[in-house]
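Asks: Below: one structure in structure tokens.
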Amino acid sequence: MKNTVTLSVLTGVLLLGMSAFSQDTNFWVFLCFGQSNMEGFPGVKEEDKGPVDERFQVLAAVDFPKQGRQKGEWYPANPPLCRPSTGLCPADFFGRTMVSNLPPTIKVGIVNVAVAGCKIELFQEDAYQAYAATAPGWMSNIIRAYNGNPYQHLVDMAKLAQTKGVVKGILLHQGESNTNDKEWPNKVKGIYENLLKDLNLKAERVPLLAGEVVDADQKGACASMNKIIDELPNTIPTAHVVSSRGCIGRPDHLHFTPEGYRELGKRYAAKMLPILGYKMTDPE
């Protein structure tokens, strides 16, 4: 019996060591979540299709049959990064800008779980079930793609990503469906703290970057929400806001154009690089 216990302990230690050994500390993973602008407006322009630097990777959070991607596997981060029917999003040019400004030994990985039209409540542990139960059919289909619980799906994919790399930051783009909700910063704080706890992360090592919605200078339909988004660092000390001013919006006044997504993604990178100790020298 004693030998059996000893063998089990040794096996556990060996497996733990193998797992730690397989994790590449130069593979930096960034978790992305939110609503439609984090998904990316459907359609990808030819000039944005790539190829991208192979140091920029995406973990398929769902199956991408047309793209030949399987859930849970890493691929070069050619758009779309969220789901097969989505398009260019801020994460695209965030990642491209990051790798062009980081040492060649560092790789960047994206895990993107976003749901068009959703309120932030869909990612809250104590609210998602009630919210999902009243969701319209098209949103329910997206939620089902994430096994009925987008937050847990993000955590599960993040844990898988952690076997290969290190989570270095969280990117959020959400707020249109919570316009003028003054409790939004507190709701985001709860989600952020849950992610840190569930993934065994430290806030001071994993900042949260939140992008503004389409700005008033583009006649954004939800531009008033930016005042609330701008207050997020007052609630979360390790949060940073990415301005959307000047990022071109679509005629629907809710989504960005490809040009807008490119610029917004670069701004996420310009905010993240100094936090990680690097200067942004290449604007592309």
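The values are calculated or read from the model by the stated rules, or taken from the named source; none is laboratory data. Please read all numbers here as calculations on a predicted model, not as lab measurements. In this analysis, Cβ positions are derived from the backbone assuming ideal geometry, glycine residues included, and neighbour counts consider all displayed protein chains. Side chains included, ligands, DNA and RNA excluded: accessible areas come from the protein's heavy atoms. Shrake-Rupley method; radii C 1.70, N 1.55, O 1.52, S 1.80 Å.
Asks: Mind scanning 159/279; 227/271; 107/227; 49/71; 164/197 and naming the pairs with a C-alpha gap bigger than 27 Å?
Replies: Correct reply: 159/279; 107/227.
Asks: Around residue 249, which amide H atoms from residues at least 5 apart in sequence, or from another chain, sit under 5 Å from its own amide H, with H modelled in the peptide plane?
Replies: 257
Asks: Note down the nm distance, to one decimal, between modelled labels 7 Å out along Cα→Cβ at residue 49 and at residue 147.
Replies: About 3.3 nm separates the two model spin labels.
Asks: What percent of all Cα-Cα pairs in the stretch 127-284 falls into each 5 Å bin, going from 0 up to the bin containing the maximum distance?
Replies: Whole-percent P(r) values from 0 Å outward: 2, 8, 15, 17, 20, 20, 13, 4, 1, 0.
Asks: Placing +1 at every Lys and Arg Cβ and -1 at every Asp and Glu Cβ, with all other atoms neutral, what dipole size does the chain have around its Cα centre, in debye to the nearest 20?
Replies: Around 580 debye, computed over the chain.
Asks: Please state the equivalent ellipsoid semi-axes for the stretch 179-245: what are the square roots of 5 times the Cα gyration tensor eigenvalues, largest first, in whole Å?
Replies: Square roots of five times the eigenvalues give 25, 12, 9 Å.
Asks: No solvent, one uniform scatterer per C-alpha: report log10 I(q)/I(0) for the chain via the Debye equation at q = 0.07, 0.09, 0.13 1/Å, two decimals.
Replies: Computed log10 I(q)/I(0) values: -0.25, -0.41, -0.83.
Asks: Stokes-Einstein diffusion coefficient for the stretch 57-114 at 10 °C in a medium of 1.306 mPa s, Rh from the Kirkwood formula over Cα pairs: what value in µm²/s?
Replies: Diffusion coefficient, whole number: 137 µm²/s.
Asks: Thinking of the stretch 96-200 as a set of Cα atoms, what percent of all their pairs are more than 18 Å apart?
Replies: Within the stretch 96-200, distances greater than 18 Å cover 54 percent of Cα pairs.
Asks: Which residue, 59, 171, 273, tops the fluctuation ranking in a GNM of the chain built on C-alpha contacts under 10 Å?
Replies: Fluctuation is largest for 273.
Asks: So if the hydrodynamic radius of the stretch 29-81 is defined as the Kirkwood radius over C-alpha pairs, what does Stokes-Einstein give as its diffusion coefficient at 37 °C and 0.692 mPa s, in µm² per second?
Replies: 274 µm²/s
Asks: Over the chain, with a Gaussian network built from C-alpha contacts below 10 Å, which listed residue (246, 72, 95) shows the highest mean-square fluctuation?
Replies: Among 246, 72, 95, the largest GNM mean-square fluctuation belongs to 246.
Asks: Taking all protein chains as present, what is the carbon and sulfur share of the accessible area of the stretch 107-190, in % to the nearest whole number, probe 1.4 Å?
Replies: Carbon plus sulfur share of accessible area: 49 percent.
Asks: How long, wide and thick is the stretch 36-156, going by the Cα atoms along their three principal axes, in whole angstroms, largest first?
Replies: Cα extents, longest axis first: 45, 27, 23 Å.
Asks: In deg cm²/dmol, rounded to 500, what helix-only [θ] at 222 nm does the chain give when every DSSP H run of at least 4 residues adds -39500 (n - 2.57) and the total is split over its residues?
Replies: Rounded to the nearest 500, the figure is -11500 deg cm²/dmol.
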